[in-house]
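Visitor: Structure incoming, see below.
The values are calculated or read from the model by the stated rules, or taken from the named source; none is laboratory data. Remember, predicted model here, so these are calculated numbers, not experimental data. Positions of Cβ are generated from backbone atoms using ideal geometry, with glycine treated the same way; all protein chains shown enter the neighbour counts. To get the accessible areas, we keep the full protein, side chains included, count just its heavy atoms, and leave off ligands, DNA and RNA. Shrake-Rupley method; radii C 1.70, N 1.55, O 1.52, S 1.80 Å.
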Amino acid sequence: MAARTFARIRAIAGKEWLQMRRDRTTMMMMVMMPVMQVVLFGYAINTDPRNLPTQVELRDDGPATRAILAGLENSEYFDLRGTVASTAQADSALRQGKALFVVTIPQDFERRLAAGEQPQILLDSDATDPVATSAAAGAFSPIVSQAVRPFKPGKPAPLEVTEAQGDGANPIVHRRYNPAGRTALNIVPGLLGVILTLTMMLMTAIALTRERERGTLESLLASPARPAEVMAGKTIPFIAMGLGQTLIIIASAGLLFNVPMLWDVTALAIAVSLFITVNLLIGFFFSTLAESQLQAMQMTFMAIMPSIMLSGFMFPFAGMPLWAQSIGYCLPTTHFIVTVRAIILKAATLMDVWPQLLALTGLCVVFALASLMRYRNTLD
Amino acid sequence: MSDVAIDVQGLTKSFGSKRVVNDFSITVPRGAIYGFLGPNGSGKTTTIRMLCGLLTADAGRGTCLGFDIMAEQSRIKERVGYMTQKFSLYGDLTIRENVRFFARLHGRAPLETVVDEVLETFDLTSRADQQAGQLSGGWKQRLALATATLNKPDLLLLDEPTAGVDPKARRDFWDRIRAMARSGVTTLVSTHYMDEAVQCDFINFIAYGNKLIDAPSAGLAREVGIHTVRIKGEGVSAVYDALEDLPGVEQRARFGSAIHVSGKDEAALLQAAQQTCDDHGVSWEAIDTGLEDAFIY
Ligand SMILES: Nc1ncnc2c1ncn2[C@@H]1O[C@H](COP(=O)(O)OP(=O)(O)O)[C@@H](O)[C@H]1O
Ligand SMILES: [Mg+2]
């Protein structure tokens, strides 16, 4: 039984592979599109996102501290989500993307401020997405200076402060992971996500509709191949193709932007494979819904729009309104971009990204089941 | 194993509001070649698809090779070979790749040996590496028959298999069908060629979703009680016109330089022929009603 199933999947996968290789235009598209996109998207779209998730590490507390935190909150750049107890906790919050910023109030901050010294106050920022964090990081120093002014001894407060740096407290901003704040680095994971979404969904979206249009579906359906076998056979060859595309994207990005290569390859391979699979399954699902190849392609483009706009690729996720974030959470691309940013740019490991991988796995299961429910084993 | 390959009753199928097959029943004995005739659009393809589990009937019940056509479609698909009316193999794959694909789907082993054998059997070896989409009708037809028989079926469903192929290819094709029938394969074949209908053991004629005739092909015309007169000679065209509306004349058809006139009332038919031919000075004779007369009728 299992052997026959395997033989049938093998038959369909082999046939798809041959057809794919024989289709010159598609092959060209598969190779050229990633390279072109990587080059074109090296430029970023600028925005000024607000309410970025921020954690606070309080090693001191007092009126000046409160004033600073209130000032940060009032600026609308920072959304104070809670406190972390240690530097290690702060690190993991950043690495897992729970916070884009960690503000550290050092020990003795209040006392040294009152004594007229210039105690440091630290802002750790996740600079992997500079578009998201640079405006807020830039606003940090003026906000702190403004907030601590009443707590400084002696000097009367000036009416206008434009050059706030070093005035009272000494705010220090650490750009973590991507010290140069280069957008190109950040764009690579997003591009990988968007290109794979587009090409993989398209490949399977036409899988059944093309057979229907060419009339070959009748032979396939008259054969004893079962729905799950057809689905597997039509999906597996494209996983290989998707992995090939991933290599092209990473290699061209590496050449063009000098992306640091400090990642956990296993974690990356798992994330990419899961992501490719979920997109292939979504495409296959479309092909069970569509009547024609054209319709299937239209569905694919409909699905790709939110994947580009709401996944954190085009606009920083943290800056999106709640309703858009809710949609974004249902998109595989969102989870994938978070994961790949963490792996490629923050040296995150499987331990850090497992929630996202779990989400991708869940989406695979959902679309596989949905496809099998929709799949018709007859021509009616 | 019962000695009936197909046994269905009351098959009905509509597309939208259009009823395409209406209360259709047949019984096909094992090993028979069963001819399935009818004009275009009469529901032959739809019926065949219902038999092999590709369409679900709206009403009716029955079995194909002992398996329920409504519930055991996947069992039927394993034992039936279906050759579609429209070429439905992969045009961008070669002959060999198509054969290999179906051999794998049916779990045939050792794969390459089976593929080579099948290519040889169906005379496909010389163009085995040519893409199927570029083949001519006869080659496509042999390839389609080759893939339809790769699961060594007990029942072959052939939907207008010889449409658009030359006479020699048609003869070869029928030789193959008869050889398979001798080895015990039941064959149901739809066609609109009368000379092919003659080759069948049984004839089933449907029109507009309704079954008209279901009988052994021998003595079919007698069974339906149609009589025919052939009229030949100068001026048959005038005779053709003159015969219109005469009592006993129910059908007229031109066959080359002759015309065939058919009707159920023998006496009236003969009298009409006699009278008209005398008037126009042409000769006539009563002949056995051929299948062609019966089917036009
Ligand atoms: N999938 C379908 N949807 C709608 N109408 C159909 C479909 N398949 C066949 N028909 C219609 O049903 C009628 C019978 O078709 P068919 O079974 O192909 O006849 P035949 O094979 O005898 O020529 C035709 O009028 C055809 O247009
Ligand atoms: Mg037909």
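Visitor: Give me the percent of accessible area attributable to carbon and sulfur for segment B:4-221, probe 1.4 angstrom. Spell out each step's value before the answer.
Guide: On the way: 4100 of 8390 Å².
Exposed carbon and sulfur together represent 49 percent of the surface.
Visitor: Averaging sequence separations of C-alpha pairs under 8 Å and six or more residues apart, then dividing by the length of segment B:4-221, give the relative contact order as a whole percent.
Guide: Relative contact order for segment B:4-221 comes out at 29 percent.
Visitor: Right, something else. Lysines near A:Lys234 by alpha-carbon distance under 19 Å, same-chain residues fewer than 8 away left out - which ones?
Guide: Qualifying lysines at Cα under 19 Å: A:Lys15.
Visitor: If you build the convex hull over the alpha carbons only and average its shadow over all orientations, what do you get for segment A:183-379? Give it in nm² to one decimal.
Guide: Mean projected area of the Cα convex hull: 11.2 nm².
Visitor: Still on this structure, please answer the following. Mind putting a number on the dipole of segment A:52-176 about its Cα centre? Charges go on the C-beta only, +1 for Lys and Arg and -1 for Asp and Glu, and I need it in Debye to the nearest 20. Each step should come with its number before you reach the end.
Guide: Numbers: 12 positive and 16 negative charges, 30 e Å.
The dipole of segment A:52-176 has a size of about 140 debye.
Visitor: Here is a follow-up. Step by step: find N for segment B:79-146, compute 2.2 N^0.38 Å, then divide the Cα radius of gyration by it. What's the final number?
Guide: Relative to the rule-of-thumb radius for its length, segment B:79-146 sits at 1.01.
Visitor: So, one more: State the antiparallel share, in %, of DSSP beta bridges confined to segment A:52-176, rounding to the nearest 5.
Guide: 20
Visitor: Let me ask you something else. Relative contact order for chain A: what is it in percent, counting Cα pairs under 8 Å that are at least 6 residues apart?
Guide: Across chain A, relative contact order equals 21 percent.
Visitor: Which residues in segment B:161-192 have a backbone N closer than 19 Å to a point placed 7 Å from the Cα of B:Asn40 along the Cα-to-Cβ line?
Guide: B:161-166, B:190-192
Visitor: Report Rg/Rh for chain B, rounded to two decimals, where Rg is the Cα radius of gyration and Rh the Kirkwood radius.
Guide: That ratio equals 1.05.
Visitor: Excluding ligands, DNA and RNA, what is the accessible area buried between chains A and B, summed over both sides, using a 1.4 Å probe, to the nearest 100 Å²?
Guide: Summed over both sides, the interface buries about 2500 Å².
Visitor: Going toward the positive end of the dipole of chain A, with +1 on Lys and Arg Cβ and -1 on Asp and Glu Cβ, which of A:Gln356, A:Ile236, A:Thr246 do you reach last?
Guide: Projecting each Cα onto the dipole axis, the largest value belongs to A:Ile236.
Visitor: Next question. Might you report the magnitude of the Cβ-based charge dipole of the protein assembly as shown about its Cα centre, with Lys and Arg at +1 and Asp and Glu at -1, to the nearest 20 debye?
Guide: 1800
Visitor: For chain A, set up a GNM with springs between Cα atoms under 10 Å and report which of A:Ile270, A:Ile250, A:Ile187 has the largest fluctuation.
Guide: The residue that fluctuates most here is A:Ile270.
Visitor: Here's another thing I want to ask about it. Of all accessible surface on segment A:183-379 at a 1.4 Å probe, what whole percent is carbon and sulfur?
Guide: Exposed carbon and sulfur together represent 74 percent of the surface.
Visitor: Given chain A, what whole percent of its Cα pairs are spread farther than 34 Å?
Guide: Counting pairs separated by more than 34 Å, the tail of P(r) holds 39 percent.
Visitor: If you project the alpha carbons of segment A:1-106 onto their three principal axes, what span does each projection cover, largest first, in Å?
Guide: Ordered largest first, segment A:1-106 gives principal extents of 72, 43, 19 Å.
Visitor: Along each principal axis of its Cα atoms, how long is the protein assembly as shown end to end? Whole angstroms, biggest number first, please.
Guide: Principal-axis extents of the Cα atoms in the protein assembly as shown, largest first: 140, 54, 43 Å.
Visitor: Once ligands and nucleic acids are excluded and a 1.4 Å probe is used, how much of A:Tyr375 is accessible, expressed in Å² to the nearest 10?
Guide: It works out to around 20 Å².
Visitor: Then there's this: With charges set only on the Cβ (+1 for Lys and Arg, -1 for Asp and Glu), what does the dipole of segment B:45-129 come to about its Cα centre, in debye to the nearest 20?
Guide: 300
Visitor: Which of the aspartates and glutamates could a cross-linker span from B:Lys86 if the Cα-Cα distance has to be under 14 Å and same-chain partners fewer than 8 positions apart are dropped?
Guide: Within the straight-line limit of under 14 Å, B:Lys86 reaches these aspartates and glutamates: A:Glu211, A:Glu213, A:Glu218, B:Asp159, B:Glu160.
Visitor: Whole-Å semi-axes of segment A:52-176's equivalent ellipsoid, largest first, each the root of 5 times a Cα gyration tensor eigenvalue?
Guide: Working through the eigenvalues yields semi-axes of 24, 16, 11 Å.
Visitor: Solvent-accessible area per residue for the protein assembly as shown at a 1.4 Å probe radius, Å²?
Guide: Heavy-atom SASA per residue in the protein assembly as shown reads 43 Å².
Visitor: In percent, how large is the relative contact order of segment B:226-296, given Cα pairs closer than 8 Å and 6 or more residues apart?
Guide: Here the relative contact order equals 45 percent.
Visitor: Toward the positive end of the charge dipole of the protein assembly as shown, about the Cα centre and with charges on Cβ (Lys, Arg +1; Asp, Glu -1), which of B:His260, B:Gly31, A:Val84 goes farthest?
Guide: Farthest towards the positive pole: A:Val84.
Visitor: Turning to a different aspect of this structure: Using a 1.4 angstrom probe on heavy atoms only, work out the carbon and sulfur share of the accessible area of segment A:52-176 in %.
Guide: 49
Visitor: Angle between the Cα long axis of helix A:130-148 and the longest principal axis of chain A, 0 to 90 degrees, nearest 10?
Guide: 20
Visitor: Using only the C-alpha atoms of segment B:226-296, find the volume of their convex hull and express it per residue in Å³.
Guide: 70
Visitor: Another question, if that's okay. What angle do you read, to the nearest 10 degrees and between 0 and 90, between the alpha-carbon axis of helix A:24-40 and the longest principal axis of chain A?
Guide: Tilt relative to chain A: about 10 degrees.
Visitor: Do you know which residues of segment A:361-380 lose at least 20 square angstrom of accessible area in the protein assembly compared with their chain on its own, with a 1.4 angstrom probe?
Guide: A:Asn377, A:Thr378, A:Leu379, A:Asp380
Visitor: With heavy atoms of protein chains only and a 1.4 Å probe, what residues of segment A:4-23 have at least 20 Å² less accessible area in the full set of chains than alone?
Guide: Buried by 20 Å² or more upon assembly, which counts only protein chains, are A:Arg4, A:Ala7, A:Arg8, A:Arg10, A:Ala11, A:Lys15, A:Leu18, A:Gln19, A:Arg22.
Visitor: As I understand it, the value is the acute angle between the Cα axis of helix B:167-182 and the longest principal axis of the Cα atoms of chain B; what does it come to in degrees, rounded to 10?
Guide: Tilt of helix B:167-182: around 70 degrees.
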